[in-house]
Amino acid sequence: MSEWCVSYAGCGGRTGLYLNSSHPTLEDGVETREVVGTHSRWWFSNQCGTYSSTSIRVKACPGDYYVYEFVKPNISVPGPMYCAVAFQSISSDPCYNYESLDRPWRANNESGDYICDDMFSWNGWYRLFYYGMDIRMPETCVSSYTCNTDINLWLSDPHPQIEDGVVTREVCGNYYWGSCCEYKTKPIRVKACPGNYYVYELVNPAWGCSGYCTDVNTISLPVSTTSPDIFTGSSITLNYDPCNNYNILDNYWRSTLNYWSMYGFISDHDDTRVEWDGWYQLFINGSSAQMPEWCFYYMSCGGFSSLWLNGSHPRLEDGVVTREVYSTHYDQCSRYRSDPIQVKACPGNYYVYKFTRPTLSIPAPVYCAVPFSTPSVDPCYDYTSLDEPWRSTDNSYYNNYYYYGMCDYNVEWNGWYRMFYNGENTQMPESCVNQYMCGTYEPLSLNGPHPQLEDGVVTRQVCVSSWSGCCTYTSHPIRVKACPGNYYVYEFVKPMFCGAYCTEASSQSISSASTTTETIQSIESITPPITTTAPPVDPCYNYNILDDSWRATNNQHSSQINCDFAVSWNGWYRLFIQGQSVQMPDTCVDEYSCGTHAPLWLNGGHPTVEDGVVTRDVCGHWWNNCCAFQSNPIKVKACPGDYYVYEFVSPTGCSLTYCADSSNINTTTTTVKPETTTDEI
């Protein structure tokens, strides 16, 4: 039976019962012990010893076990259950039979992530290290939200002495609003070892997002030579061709499609625990694969930190090259930087990698893999036609509620697809699509240009348009191929989010592609070109009047919140406030101004008359960040007569509106809104 406080609702009942003192020794004979239970006001709060149950008798027996004379618990205790903890002899000395656990991110001076120890498969005894140096678990309260977890775990009693042998210690955890030992998880066994170090039999805490901590104040150099090797990063000259001398690394869970936090399962893969040896070729279920070359969402590839290659793969003629390796933290693509690795392109269209142990400061890192193989049948002539007009970039579900929330996550994708729009050839967009378009909440687009015919099958990153920006999040990459006849085929896969793959609204964009090499290499390739010269009709004399007094920058904290996302913008606009000509602000505007939450202002200044039509970025102020929202850029032109016209488009989300600068309004004169000229009264 447990001799310490047990968490409320533990041991299969509502009130876990435990002994209120230590077990007897052999010479004590039969002893009587008080039995108490835990109460909780909240699920995270334990009040130890609140309930007193009926006392029981206990006896220690030869052979290292105990017997108990159990009786019916006190009926006033709600849902009582006698608790048990593991108590068996150890077949081999854990001081010499342990796994090294070198995880600097567990230190009590680290924070920023929320890694849960119930995701790992704990098995046996562990010796703790900090970059190769011995370290211990803390014995005192640890500050909240350190050790890169939510509930940090520490020992509630001192470590044992060598003569104590194996002892059981209570493990405490605390939230920021609770006391130091507000929460108690499963106890663990600890042993002091010759050489001034300790080993711990760590177990699954099985309570919230909790994690075992290490105490940086206990760091010491190991006396023995059993500490793990530390990668030095040094390179060697190859005297053999790694294309002919490599290991096979075929782990299905390394696939970028394996995103465990979304699918509801957990994984304990960690490449710092692998004994890497030489070169490796990547496979996924027997099919050739490669490392991704782009930022990928964290908690993918079967681990917590997903490692990707920061740079393109080499060519055959490049030989062995060195590439940097990065890992993502939430939406920060390069939060972690691991040790660089060597890469080589091999005849036969595959790559080999000299994997090394990733940097220890990265939480549970794993090398990622994406499919990389040549289809057995040319997908240009073996595809499924996908003609669904609701996928169009001009289809907002605000305008068509029948298609509200279309979700490609529910589609059973299989093979290659060619996209059509009402029977006309079309393609995926290569730039940001407004949120809520393409008949879905989160539209999916390519993050970069389509390939050329000579490129063959390529892999492209897929961007997700959401409330936080154009490509803050990415979905699983897809493979794309350019085909004779000026069309593309796509190997669609189930996306990571409940979004939908977009199509351009018409075939105009694809027919304008691949005319010349220069056109494709320019910013106008494939997507509709951005006009940088004067439009066919001068917008200075062909504009719409936009006179909404609520857009004024001095309209702050309005009770009516507006949003320009649902406005059907069409063409060019000139701004007025109650008949007086004004312009957009080109400096940061206070939050909750202009009748909205995040007011939009021009980032880059207004042009001069001689500049003609220019493109300017648009920012939205939110959370004390003047450009928290980077909305879609707009075109602007300065006109004779000291005014400006703007080609407004739908912003990236709600609640965002274009502002009108009220700072220069003349309170003594009024400007009449003109048809083509301005008269002062």
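The values are calculated or read from the model by the stated rules, or taken from the named source; none is laboratory data. Just so we're clear, the structure is a prediction, and the values are computed from it rather than from any experiment. Don't worry about glycine lacking a Cβ; one is built from the backbone with ideal geometry, like all the others, and counts go over all protein chains shown. Accessible surface is based on the protein model in full, side chains and every heavy atom, while ligands, DNA and RNA are left aside. Shrake-Rupley method; radii C 1.70, N 1.55, O 1.52, S 1.80 Å.
Tabulated data for the structure shown
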item: Answer from Val366, Val325 - the residue that is touching a Leu at 6+ places or on another chain (Cβ under 7 Å), closer than 23 Å to Asp117 by Cα and either among the polar types (S, T, N, Q) or assigned to a strand (DSSP E or B) (or both); result: Val366
item: Pairs where the first residue, in region 277-288, is over 17 Å from Phe355 (Cα atoms) and outside any strand (DSSP E or B) and the second is open to solvent by 20 Å² or more (accessible area, probe 1.4 Å) and modelled with pLDDT under 90, C-beta under 9 Å, 6+ apart; result: Asn285/Tyr252
item: Lone qualifier among Gly10, Gly63 - being buried (at least 19 other Cβ atoms within 10 Å of the Cβ), assigned to a loop (DSSP other than H, G, I, E, B), of a type in the set (Gly, Ala, Ser) and modelled with pLDDT under 85; result: Gly10
item: Candidates Asn624, Asn632 - the one that is open to solvent by less than 50 Å² (accessible area, probe 1.4 Å), more than 14 Å from Gln583 (Cα to Cα) and modelled with pLDDT under 90; result: Asn632
item: Inter-residue pairs, beta-carbon under 6 Å, first part of a strand (DSSP E or B) and modelled with pLDDT of 90 or more and in region 25-42, second open to solvent by less than 70 Å² (accessible area, probe 1.4 Å) and of a type in the set (A, V, I, L, M), 6+ apart; result: Glu31/Val58; Arg33/Leu19; Arg33/Val58; Val35/Leu17; Val35/Ile56
item: Test set (1) in contact with a strand residue (DSSP E or B) (Cβ under 8 Å, 6 or more places away or on another chain); (2) more than 21 Å from Ser220 (Cβ to Cβ) - Ser100 fails condition number; result: (2)
item: Strands (runs of 3 or more DSSP E) wholly inside region 66-155 that include at least 3 residues being closer than 27 Å to Ser361 by Cβ and at pLDDT 85 or above; result: 99-102, 126-130, 133-136, 151-155
item: Candidate set from region 653-679 (those that are at pLDDT below 80 and either under 14 Å from Cys540 (Cα atoms) or buried (at least 22 other Cβ atoms within 10 Å of the Cβ) (or both)); member that is nearest to the chain's Cα centre (by Cα); result: Lys673
item: Per-region count, region 29-38, residues farther than 18 Å from Lys72 by Cα and open to solvent by 70 Å² or more (accessible area, probe 1.4 Å); result: 1
item: Test set (1) modelled with pLDDT under 90; (2) crowded, with 19+ Cβ neighbours inside 10 Å - Lys344 fails condition number; result: (1)
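For (1) over 24 Å from Met437 (Cβ atoms); (2) open to solvent by 70 Å² or more (accessible area, probe 1.4 Å); (3) in a loop (DSSP other than H, G, I, E, B), each residue gets a yes or a no:
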{"residue": "Ser559", "(1), (2), (3)": "yes, yes, yes"}
{"residue": "Asn562", "(1), (2), (3)": "no, no, yes"}
{"residue": "Asn570", "(1), (2), (3)": "no, yes, yes"}
{"residue": "Arg574", "(1), (2), (3)": "yes, no, no"}
{"residue": "Pro585", "(1), (2), (3)": "yes, no, yes"}
{"residue": "Asp590", "(1), (2), (3)": "yes, yes, yes"}
